[in-house]
Amino acid sequence: MAGTDATKQQSGGGAKQPKQPKQPKQQQSGGGGGKKKEVKKETGLGLTNKKADNFGEWYSEVVVNGEMIEYYDISGCYILRPWSMAIWEIMQAFFDPEIKKMKIKNCYFPVFVSSTVLEKEKDHIEGFAPEVAWVTRSGKSELEIPIAIRPTSETVMYPYYSKWIRGHRDLPLKLNQWCNVVRWEFSNPTPFIRSREFLWQEGHTAFATKEEADTEVLEILELYRRIYEEYLAVPVIKGKKSELEKFAGGLYTTSVEAFIPNTGRGIQGATSHCLGQNFAKMFDINYENEKGERAMVWQNSWAYSTRTIGVMVMVHGDDKGLVLPPKVASVQVIVIPVPYKDADTQGILDACSETVNALLEAGIRAESDSRDNYSPGWKYSQWEMKGVPLRIEIGPKDLANKQVRAVRRDSGAKIDIANAGLVEEIKKLLDNIQQNLFDVAKQKRDECIQVIHTWEEFIEALNQKKMILAPWADEKEVEEDVKARTKGETGAAKTLCSPFDQPELPEGTICFASGKPAKKWSYWGRSY
């Protein structure tokens, strides 16, 4: 699986199902004895919780009111609405061709796994056992042998790798599947971040040499960085997980780590694992090498999930709702007609259509909102709630001046743009919005990073919701001690990762927690 964090219980961040937004009141214009169209005024769309005051409730409200998810009647399960599925599909449209360039092929394995196979790798199943969902009945009949629903697919796939890999010409074997997984037992479910069923891709590869496996681990991790930074505009840190936090049964785990400044929590974005030869040993994945000798394969597994969407919402969202980076927004530009009394309404509507068509022809995802039973102000609020990066307004003055007014979702800035150079200006604006979202998020993240050297500094920084960079002895027992000493209602502190980009470690530097000689710098903090 892509994330050891996703197998562990979340502390905080869960929230009750938010109240549904009030329906806008309908205003009926009198006069003349005949009924006019009912126009819905700007009302009932605002969030009742503020991001800075009640983050958990704010988040739950945003993902529902922004039409990302709908709550389901089974706790911890959510309906992914088209607004969020489009984001998932855009990320998939980037990632899938990239892994195909690496000669990785897509496949699909069943969702069910037998108990005997699931329990074959002891360390692996111990990491997942509390969350495995079991099918125990068919109709009214009890099954003789319970069947598990996959929490991850190592044990589902590897018996068949053993069958398919016989000689060195069968290597490397590089497969990926886009699927769902189920992890049942936990508290505080949170949409996208922690759910009982979620979507992901999981890659499983086998090589003749460790060098090949090591190379792929980092190539995949770089693709995950690109998803977060280039598409979701979320800054991440690439690094290696500690022995305590690595994937159960694996050799080592690398990850991209994000940080949520409002909660002071790290969040594991995606992981790329080198499994070593442990699973090959358990599942007898051997081959005959070029010398005619029997050898075991080296394996990797890697995955990212719909958690990515939740991280994006947490980082960029504000008190008006979602803020979507243009690269992943299914609608990048919404065009809204703003007719007044005695205005050339048809001329304005035609201008909106022409604008949308020009943008679509240029590859920009644009729509117009010409619903005549909603006021322009109400539409502004709705599309702001849904996070559309750019709004274009066209009113009588704009029509007369052969221009449009563009309003940015990220900053609220308003810009008048002449029709003549519209498409190029909109492209520049969208690029600027994408970059600005990343720059602002990085600045906020960087302001939360604090370098410490002592336990007292560590506790102070932890209480200030910081992402802590500390010299560490790199010992499992020291991390276990830190977790025990910081355990509380808001969750214990732990290592997030040891960054690949290591600051200089002067000779004689000691571990902040144990006083032993420090071996590396590591990021610490509370996490989801």
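The values are calculated or read from the model by the stated rules, or taken from the named source; none is laboratory data. Computed from a prediction, not measured in an experiment: that's the story for all the values here. Note that each Cβ is placed from the backbone with ideal geometry, even for glycine, and that neighbours are counted across all protein chains shown. Side chains are part of the model used for accessible areas, which takes the heavy atoms of the whole protein and leaves out ligands, DNA and RNA. Shrake-Rupley method; radii C 1.70, N 1.55, O 1.52, S 1.80 Å.
Each residue of region 438-450 in turn: what ³J(HN,Hα) in whole Hz from Karplus with 6.51, -1.76, 1.60 and θ = phi - 60°, glycine and Pro shown as x?
My calculation for region 438-450 gives 5, 4, 5, 5, 5, 4, 5, 5, 4, 5, 8, 7, 10 Hz in order.
Roughly what angle does helix 345-361 make with the longest principal axis of the chain, taking Cα atoms, 0 to 90 degrees, to the nearest 10?
30 degrees
Taking the highest mean first, how do the peptides 162-169, 229-236 order by number of other beta carbon atoms within 10 angstrom per residue? Don't jump to the answer; show the numbers that get you there.
Numbers: 162-169: 13.5, 229-236: 22.5.
Packing order, densest peptide first, comes out as 229-236, 162-169.
Which of rounded, prolate or oblate describes region 55-316 when judged by the alpha-carbon gyration tensor and an a/c cut-off of 1.5?
Details: a/c = 1.97, a/b = 1.32, b/c = 1.49.
Oblate shape, in that a/c is at least 1.5 and b/c is the bigger or equal ratio.
Do any chymotrypsin sites (Phe, Trp or Tyr not before Pro) in region 41-92 lie in a DSSP loop with no more than 16 other beta carbon atoms within 10 Å, and if so, which?
When the chymotrypsin sites (Phe, Trp or Tyr not before Pro) of region 41-92 are filtered for loop state and at most 16 Cβ neighbours within 10 Å, 72 remain.
If you plug each phi of region 91-97 into the Karplus form 6.51 cos²θ - 1.76 cosθ + 1.60 with θ = phi - 60°, what whole-Hz ³J(HN,Hα) values come out, in order, with x for Gly and Pro?
Result, ordered by residue: 5, 5, 5, 7, 6, 4, x Hz.
Could you tell me the accessible area of residue 51 in Å² (1.4 Å probe, neighbours in place), rounded to the nearest ten?
20 Å²
What is the distance, in nm, between label points placed 7 Å from the Cα along the Cα-to-Cβ direction at residue 345 and at residue 244?
Inter-label distance under the simple model: 6.7 nm.
What GluC sites (Glu not before Pro) in region 262-360 are in a loop by DSSP, with at most 12 other Cβ atoms within 10 Å of the Cβ? Spell out each step's value before the answer.
Numbers: sites: 288, 290, 293, 354; in loops: 290, 293.
Passing sites in region 262-360 are 290, 293.
Going 7 Å from the Cα of residue 481 in the Cα-to-Cβ direction, what parts of region 499-528 have a backbone nitrogen less than 16 Å from that spot?
510-520
Evaluate the distance, in nm, between pseudo-label points positioned 7 Å from the Cα of residue 362 and of residue 443 along their respective Cα→Cβ axes.
A separation of 2.7 nm, rounded to one decimal place.
Based on the Cβ-Cβ distance from residue 112 to residue 226, what FRET efficiency comes out when R0 is 41 Å, to the nearest 0.05? Numbers along the way, then the final one.
Numbers: r = 34 Å, r/R0 = 0.82.
Between residue 112 and residue 226 the formula returns 0.75.
I'd like the Karplus ³J(HN,Hα) series for region 453-460: coefficients 6.51, -1.76, 1.60, θ = phi - 60°, whole numbers in Hz, and an x wherever there's a Gly or Pro.
10, 10, 4, 4, 5, 4, 5, 5
Among 187, 258, 381, flag the residue with its Cα farthest along the positive direction of the charge dipole of the chain, charges on Cβ as +1 for Lys/Arg and -1 for Asp/Glu.
Of the candidates, 381 comes out farthest on the positive side.
Among 120/174; 341/386; 341/402; 100/444; 240/465; 103/520, which pairs are too far apart, with a Cα-Cα distance over 24 Å?
Over 24 Å Cα-Cα: 341/386; 100/444; 103/520.
Measure nothing fancy, just the Cα-based angle from helix 376-385's long axis to the longest principal axis of the chain, in degrees from 0 to 90, nearest 10.
Helix 376-385 sits roughly 10 degrees off the main axis of the chain.
What does the extension gain come out to for residue 180 and residue 413, with contour length at 0.36 nm per residue minus their alpha carbon separation?
Gain on extension, residue 180 to residue 413, equals 79.9 nm.
Could you check what % of the DSSP bridge pairs in region 449-526 are antiparallel, to the nearest 5?
The antiparallel fraction comes to roughly 75 percent.
If each of residue 504 and residue 168 carries a label point 7 Å out from its Cα toward its Cβ, how far apart are those two points in nm?
4.6 nm
What's the angle, to the nearest 10 degrees (0 to 90), between helix 154-164's Cα axis and the longest principal axis of the chain?
Between helix and principal axis, roughly 60 degrees.
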